[in-house]
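The values are calculated or read from the model by the stated rules, or taken from the named source; none is laboratory data. Values in this document were obtained by computation on a predicted structure and should not be read as measured data. Reconstructed Cβ throughout: ideal geometry from the backbone, glycine too, with neighbour counts over all protein chains shown.
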Ligand code: NDP
Ligand code: MG
């Protein structure tokens, strides 16, 4: 019989503790005080929420990204003995603290890359929610992980599913994996239907409650495209081994098919707390009171092919993988601009893939990039993308 590992308490840094993943991670920590101790918390702009979290979880230090809020946060926390730091550089260096065992990177977008690299260099185990880290610089990140012999545990539900299916299968070749996709709020719609979609409609995900950026990415299927790239780097796969299948109920979180044809799937109700808890507690499984799946509530699980014509962002991810180098970095930078511009109603929903295709095609390409190449590509592509959004009306894209 297997006996549970009696692991010592893990000291955890949560980068992005005020976001959707960060808050759910703190719920997991709160339920398991004998397992986890919060060492560091960080926020971007939500200083007040960070203060409340810090007073409750008593970390050693916090970082507020927005430097103008340093005094407010410091005044609220100094008497509790909590150190306060501010700004981008502080966020990147705090992960090196010797007290930290595991860094949960729950930042959104490109901002997650540097802290991930610094945490790897400092030898910290990474629980990765910030998929953009691997989209932007997967090759560099993998190289550093190997050099430093550091583990990266996925938090993204599909990748957690694949990771869980692979436990005990390390020597067995993978034939392919199936990443499942809900299809997002616009599944079944045509391009004509999507011409006039509003920000509010795009922000309504059918199965998951998440931050604004990933919710828009789910509506365009860019999120699934990013997850394909994420899977390539996490599991050492070729693009041809990664399939996407639309599964609207989001019960099967993903599937591995081995070279004997056998398929393993990981299932459960859609609740991010499960993959978060798995990543924090790995290699142990710890009890939870999360709601359990009832087969009678789901008499039919269905599957369909993704509509790559109506949602070209998924195809753009495969194109970026084919081009290698900084192509996926360009795609990510263009997408961050496109999502922000869409949320600000500067461009329309159908402009998003057009902007991405433009930056993928014409943006700066570097074939064997180092870290600085990624930084430069990100900056140059953003400039190019913003300039595109400024001129979008004059490009006769608006036909209505
Ligand atoms: P949110 O937008 O909800 O949270 C992002 C967090 O990062 C917030 O704490 C925010 O701070 C902080 N932050 C944002 N930008 C910066 C910055 N420039 N500097 C410092 N801190 C910053 O995102 P999610 O939690 O939804 O997603 C986080 C990551 O996890 C993303 O990469 C996403 O793709 C991935 N993911 C999310 C899932 C989900 O269910 N939400 C599921 C699977 C993956 P503040 O709010 O204080 O400004
Ligand atoms: Mg996912």
How many residues are surrounded by fewer than 21 Cβ atoms within 10 Å (Cβ to Cβ) and farther than 16 Å from residue 108 by Cα when one looks only at the stretch 322-348?
-> 8
Taking residue 25, is it within 16 Å of ligand 2 (Cβ to nearest atom), in contact (Cβ under 8 Å) with a residue 40 or more places away in the chain and either closer than 30 Å to residue 289 by Cα or not in a helix (DSSP H, G or I) (or both)?
-> yes
Determine, yes or no, whether residue 264 is at negative phi, assigned to a helix (DSSP H, G or I), touching a helix residue (DSSP H, G or I) at 6+ places or on another chain (Cβ under 7 Å) and surrounded by 15 or more Cβ atoms within 10 Å (Cβ to Cβ).
-> no
Total residues in the stretch 364-378, condition assigned to a helix (DSSP H, G or I) and exposed (fewer than 13 other Cβ atoms within 10 Å of the Cβ) | 1
Would a scan of the stretch 162-178 turn up a residue that is within 14 Å of ligand 1 (Cβ to nearest atom), in contact (Cβ under 8 Å) with a residue 24 or more places away in the chain, surrounded by 18 or more Cβ atoms within 10 Å (Cβ to Cβ) and more than 24 Å from residue 347 (Cβ to Cβ)?
-> yes
Being in contact with a strand residue (DSSP E or B) (Cβ under 7 Å, 6 or more places away or on another chain) and within 12 Å of ligand 1 (Cβ to nearest atom), is that true of even one residue in the stretch 149-156?
-> yes
Residue 41: in contact (Cβ under 8 Å) with a residue 24 or more places away in the chain, part of a strand (DSSP E or B), within 16 Å of ligand 2 (Cβ to nearest atom) and touching a strand residue (DSSP E or B) at 6+ places or on another chain (Cβ under 6 Å), yes or no?
-> no
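Conditions tested, residue by residue: (1) at pLDDT below 95; (2) in a loop (DSSP other than H, G, I, E, B).
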{"position": "319", "(1), (2)": "no, no"}
{"position": "331", "(1), (2)": "no, no"}
{"position": "339", "(1), (2)": "no, no"}
{"position": "347", "(1), (2)": "no, yes"}
{"position": "354", "(1), (2)": "no, no"}
{"position": "389", "(1), (2)": "no, no"}
{"position": "392", "(1), (2)": "yes, no"}
{"position": "398", "(1), (2)": "yes, yes"}
Inspect all residues belonging to the stretch 293-312 and state whether any of them is in a loop (DSSP other than H, G, I, E, B), within 19 Å of the chain's Cα centre (by Cα) and within 25 Å of residue 110 (Cα to Cα).
-> no
Just one listed residue, out of 228, 246, 197, is touching a residue at least 12 places away in the same chain (Cβ under 8 Å), away from ligand 1 (no atom under 16 Å from the Cβ) and touching a strand residue (DSSP E or B) at 6+ places or on another chain (Cβ under 8 Å), and it is 246
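So which helices (runs of 4 or more DSSP H) stay within the stretch 179-244 end to end and still have 2 or more residues that are at pLDDT below 95, under 18 Å from residue 302 (Cα atoms) and within 13 Å of ligand 2 (Cβ to nearest atom)?
none
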Would you list the helices (runs of 4 or more DSSP H) that sit entirely within the stretch 59-132 and hold 2 or more residues that are surrounded by fewer than 20 Cβ atoms within 10 Å (Cβ to Cβ) and within 12 Å of ligand 1 (Cβ to nearest atom)?
-> 88-94
